[in-house]
Structures are given as C-alpha cells and as structure tokens.
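Undergrad: Dumping the structure here so I can ask a few things about it.
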Amino acid sequence: MQAIRSILVVMDPQQAECLALKRAKLIAGVTQSHLHLLICDKKQEHAAHLENIQASLLKEGYSVSSQQAWHENLYQTIITVQQAEGCGLVIKQHFPDNPLKKAILTPDDWKLLRYCPGPVLMVKTDTPWTGGVILAAVDVGNSDAEHRTLHSGIVSHGYDIAALAKGTLHVISAHPSPMLSAADPTFQLKETIEARYREQCKAFQAEYDVSNDRLHVEEGPADVLIPYTADKLKAVVTVIGTVARTGLSGALIGNTAEVVLDTLESDVLVLKPDEIIAHLEELVAQR
C-alpha cells in the first residue's frame with residue numbers, strides 16, 4: 001500500500017459527508033499519495049463543489065486534483081479515469097442496491113469490482129479504523145502459484161492497513177465440508193480435512209507471522225463465514241482477493257466478494273492478481 005502514488009476518490013455530491021474521501025485522507029496522510037477526486041456526472045454541474053473541496057484539501061497539505069466525467073455508465077467512467085490518471089487504488093462509498101433491482105440487473109459496484117484493473121476499497125460505514133481489527137480472507141487450502149501470490153498481496157495489504165490504523169490483523173480461512181463423493185479420501189472426513197488445513201495453516205502462519213489467536217479456520221462456505229467472522233471480531237476493514245474463474249478469460253471476479261459486499265458490516269478492500277489486472281487493462285484499452 002505504501003507504493004500507491006495516486007488514489008482515485010469517487011465523490012457523491014448528494015452525500016453531506018463523503019466517507020470515501022475520509023478514508024482516502026487517512027491513507028494519503030501515511031502514504032503521501034496524490035488524491036484525484038472524481039464526480040461521475042453527465043451534466044457536469046458540480047464544478048464549484050469540487051473546487052471548494054480541492055481548495056480545502058490543498059490547505060490541509062494534500063496533493064489533489066479533480067474532474068467531472070461521464071463515459072456510458074458509472075463503473076466505466078470510474079475505470080476510464082483510473083486508467084487515464086494511473087491511480088493505484090479506487091475508493092468508493094458503497095450503497096446497497098434494491099434486492100429486486102439486483103435480481104434483474106448486475107449492480108454497478110459489482111461491475112466495478114469485476115472489471116477495475118486495480119484494488120478497490122468499498123467504504124460501507126463511518127466507523128473509525130483507528131485501533132480496529134483488520135480481517136484478511138484467504139484460501140489456505142489453495143497453494144498454487146496464483147493463490148500464493150494473491151495471499152501475499154492480501155496479507156501485506158492487511159498488515160499495511162493495520163499499521164496505518166494502529167489496529168490488529170486477523171486472518172480467516174474457510175475449508176469445505178466433507179463430501180463422500182470426493183475423489184481424494186482426505187475430503188471425505190471432517191477430521192482429515194481439518195487436519196490437512198491445520199497443517200497447511202502452520203506453513204502459512206510461519207510465512208506471514210500470524211499467531212494462533214489471530215487465525216480463524218472454519219468449516220463452511222466462505223460467503224457465510226467471512227461476514228460471520230468479521231461481525232464477531234467487529235472488523236473495520238475486510239481484505240478479500242479474487243482469482244479468475246475458469247472459462248471466463250480471466251475477466252470476471254469470483255463471486256464471493258460480490259456476495260459478501262452487501263452482507264459485511266465493514267469496509268471491503270478487493271484485490272486481484274497481476275495477470276487479471278493486465279487482462280482488464282487490455283480490455284479497457286480496446287474500448
């Protein structure tokens with residue numbers, strides 16, 4: 001996170017207090033990142049509003065620029081500006097969609113998580129990060145190269161946020177329930193699954209310096225266990241990663257992050273592996 005030179009802050013002029021900007025100031029205060037403020041607006045009627053905020057931030061000592069833009073829809077506008085400005089992080093406040101609307105149309109925030117070629121921080125609450133629990137969600141059972149790289153990114157971002165918020169990093173890893181039909185006998189019994197995970201966790205803990213009291217290994221689906229654990233620990237930020245889903249050319253996010261976005265009570269940071277980011281950058285360039 002220290003390497004982030006520029007942060008794209010998606011502003012909503014309808015909100016009296018911009019929670020995305022609040023988080024961006026906290027991060028930039030530590031990383032010295034430049035803040036680029038964006039209002040996604042077809043009519044471009046908010047120049048004075050942006051100028052006031054920019055002037056106030058400059059007085060506070062932040063490096064800041066701003067713009068209004070519109071490209072087809074909300075998520076494409078954000079991605080186009082993120083690429084043009086070379087921003088290493090997008091911060092946006094998340095507003096839950098109407099469940100009926102969500103059943104018919106894919107929410108814009110889901111599309112942003114899927115297609116943005118870079119980390120996205122979705123701000124959900126105004127709870128201060130200071131002294132809070134940061135929860136990193138990993139899949140310890142997957143130790144292929146892609147997952148190992150992703151785990152490294154998730155945990156290092158978790159530690160970075162814990163350091164800037166003077167908080168504590170905890171790690172959650174869900175493992176599957178027993179299946180009698182599983183080809184590998186290990187996955188047929190609860191005891192053998194748990195034993196294998198505990199063994200893999202020892203190596204993970206040694207590599208990333210995670211003590212037993214900060215590691216939570218549970219049986220069940222990740223999209224249920226992550227919000228449950230975040231709620232139990234009163235996490236202020238949950239860090240989630242995603243790898244490509246086979247057959248979808250690496251462009252789509254695994255749906256755990258999408259599903260938990262509305263159920264988590266914490267802010268959510270979503271990361272992607274470098275190869276997915278490179279692929280998504282190509283898609284943006286082709287548009």
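Undergrad: Given a 10 angstrom Cα cut-off, can you work out which residue in Asn73, Asn52, Asn212 is the most mobile in a GNM of the chain?
TA: Asn52
Undergrad: Using the Karplus equation 6.51 cos²θ - 1.76 cosθ + 1.60 (θ = phi - 60°), what ³J(HN,Hα) coupling, rounded to whole Hz, does each residue of the range 74-82 give in order, writing x for Gly and Pro?
TA: 4, 5, 5, 4, 4, 5, 4, 5, 4
Undergrad: Helix-only estimate, please: 222 nm mean residue ellipticity of the chain, summing -39500 (n - 2.57) across DSSP H runs of length 4 or more and dividing by its residues, to the nearest 500. Present the calculation step by step, with values, prior to reporting the outcome.
TA: Working: 10 runs with 125 residues, N = 287.
After summing the helix terms and dividing by residue count, I get -13500 deg cm²/dmol.
Undergrad: A further question on this structure: Using heavy-atom solvent-accessible surface (probe 1.4 Å) with all chains present, what is the largest-first order of Glu146, Glu51? Mind dumping the intermediate values first?
TA: Working: Glu146 55, Glu51 120 Å².
The ordering from most to least exposed comes out as Glu51, Glu146.
Undergrad: Along the charge dipole of the chain, pointing to its positive end and built from +1/-1 on Cβ of Lys, Arg, Asp and Glu, which listed residue (Pro117, Ala145, Gly86) has its Cα farthest out?
TA: Positive-most Cα among the choices belongs to Gly86.
Undergrad: Using only the heavy atoms of the protein chains and a 1.4 Å probe, how would Met122, Met1 rank by accessible area, largest first? Write out the running numbers ahead of the final one.
TA: On the way: Met122 0, Met1 25 Å².
Final ranking, largest accessible area leading: Met1, Met122.
Undergrad: With a 1.4 Å probe and every protein chain left in place, tell me how much accessible area Glu207 has, in Å² to the nearest 10.
TA: 100
Undergrad: Excluding ligands and nucleic acids, what accessible area in Å² is computed for Trp70 using a 1.4 Å probe, to the nearest 10?
TA: Rounded to the nearest 10, that gives 80 Å².
Undergrad: Nearest 0.05, what FRET efficiency do Glu207 and Gln44 give at R0 = 41 Å with Cβ-Cβ as r? Before the final figure, lay out each step's value.
TA: Numbers: r = 49 Å, r/R0 = 1.20.
Taking R0 as 41 Å, the efficiency between Glu207 and Gln44 is 0.25.
Undergrad: May I ask which residue of Thr77, Thr106, Pro273 lies farthest towards the positive end of the charge dipole of the chain, with charges of +1 (Lys, Arg) and -1 (Asp, Glu) on Cβ and the Cα centre as origin?
TA: Thr77
Undergrad: If I take all pairs of Cα atoms in the range 1-48, what percentage of them are more than 11 Å from each other? Don't skip to the answer; put the middle values down first.
TA: Numbers: 770 of 1128 pairs.
Result: 68 percent of Cα pairs exceed 11 Å.
Undergrad: If you average the alpha carbon positions of the range 34-55 and of the range 115-147, how far apart do those two centres end up, in angstrom?
TA: The range 34-55 and the range 115-147 have Cα centres spaced 28 Å from each other.
Undergrad: Return the long-range amide H neighbours of Ala136 (sequence gap of 5 or more, or a different chain), with a cut-off of under 5 Å between placed amide H atoms.
TA: For Ala136, the qualifying residues are His170, Val171, Ile172, Val239.
Undergrad: In terms of solvent-accessible area of protein heavy atoms at a 1.4 angstrom probe, what is the ranking of Glu72, Glu85, highest value first?
TA: Details: Glu72 140, Glu85 85 Å².
From most accessible down to least: Glu72, Glu85.
Undergrad: Suppose every K and R has +1 on its Cβ and every D and E has -1 on its Cβ; what is the size of the dipole of the chain about the Cα centre, in Debye to the nearest 20? If you can, show how the numbers build up before the last one.
TA: Numbers: 25 positive and 35 negative charges, 83 e Å.
Rounded to the nearest 20 debye, it is 400 debye.
Undergrad: While we're here: Got a number for carbon plus sulfur as a percent of the chain's accessible area, 1.4 Å probe? Don't jump to the answer; show the numbers that get you there.
TA: Values: 7060 of 13490 Å².
Carbon plus sulfur share of accessible area: 52 percent.
Undergrad: Right, something else. Show me, for the range 196-206, the HN-Hα J-couplings you get by feeding each phi into the Karplus relation (A = 6.51, B = -1.76, C = 1.60, θ = phi - 60°), rounded to Hz, glycine and proline as x.
TA: Coupling constants for the range 196-206: 5, 5, 4, 5, 5, 5, 4, 5, 4, 4, 5 Hz.
Undergrad: Sticking with this one: On average, how much area does the Cα convex hull of the range 6-93 cover when viewed from any direction, in nm²? Could the numbers behind the result be given before it?
TA: Values: hull surface 20.6 nm².
One quarter of the hull surface, i.e. the mean projection, equals 5.1 nm².
Undergrad: Ordered by residue, what ³J(HN,Hα) values in Hz, to whole numbers, does the range 44-51 give under the Karplus form 6.51 cos²θ - 1.76 cosθ + 1.60, where θ = phi - 60° and Gly and Pro are x?
TA: Once θ is set to phi - 60°, the couplings for the range 44-51 become 6, 9, 10, 4, 5, 4, 5, 4 Hz.
The values are calculated or read from the model by the stated rules, or taken from the named source; none is laboratory data. What you see is a predicted model; the values in this text were computed from it and never measured. All Cβ positions, glycine included, derive from the backbone under ideal geometry; neighbour counts span all protein chains shown. Surface accessibility is based on the protein's heavy atoms, side chains included, excluding ligands, DNA and RNA. Shrake-Rupley method; radii C 1.70, N 1.55, O 1.52, S 1.80 Å.
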